[in-house]
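Since the structure comes first, as structure tokens, the remarks are kept for the end.
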């Protein structure tokens, strides 16, 4: 699952069925601009190299209503939690890959 942030700040999800990876792709931007673009989906962790994403927002924005996908998605979040990749709010940590 890849969260794509455009230069204009629009956010979309690509490869929503690929639950073996989770990252954010964005043009190089200030941390506050990334935070504004993500809105309720998530927030930078401070350094701008990682963000914490809200699983409920990811689930909704994926546009997938499939019980098997839901099971796999829950497994992805559980895996992340087991490795310390979640915060106190239950958000999951993802790496930000900047273009250019």
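All of the numbers you see were taken from the coordinates with simple rules; none came from a lab. Values in this document were obtained by computation on a predicted structure and should not be read as measured data. Cβ placement follows ideal geometry from the backbone for every residue including glycine, while neighbour counts extend to all protein chains displayed.
Assuming R0 = 22 Å, what is the FRET efficiency of residue 89 and residue 68, from their Cβ-Cβ distance, to the nearest 0.05? Provide the component values of the computation, followed by the final result.
Values: r = 27 Å, r/R0 = 1.22.
Between residue 89 and residue 68 the formula returns 0.25.
Two decimals is fine: what is log10 I(q)/I(0) at q = 0.29, 0.30 Å⁻¹ for the stretch 1-57, from a Debye sum with one equal scatterer on every Cα and no solvent?
-1.37, -1.44
Among 50, 95, 83, which comes first, then next, by fewest other beta-carbon atoms within 10 Å?
Numbers: 50 17, 95 12, 83 9.
Listing 50, 95, 83 from fewest to most nearby Cβ atoms yields 83, 95, 50.
Taking neighbour Cβ counts within 10 Å as the exposure measure, how do 31, 5 sort from fewest upward? Spell out each step's value before the answer.
Working: 31 16, 5 23.
The fewest-first ordering by Cβ neighbours comes to 31, 5.
As a check on your grasp of the helix formula, calculate [θ] at 222 nm for the chain: sum -39500 (n - 2.57) over DSSP H runs of n ≥ 4, divide by the residue count, round to the nearest 500. All intermediate terms of the calculation are to be shown ahead of the outcome.
On the way: 3 runs with 32 residues, N = 100.
The helix-only estimate for the chain comes to -9500 deg cm²/dmol at 222 nm.
What's the Kirkwood radius of the chain in Å, using all Cα pairs? Show your work: numbers first, answer last.
Values: mean 1/r = 0.0740 Å⁻¹.
One over the average 1/r among Cα pairs gives 13.5 Å for the chain.
Helix 67-82 against the longest principal axis of the chain: what's the angle in degrees, Cα atoms only, rounded to the nearest 10?
70 degrees
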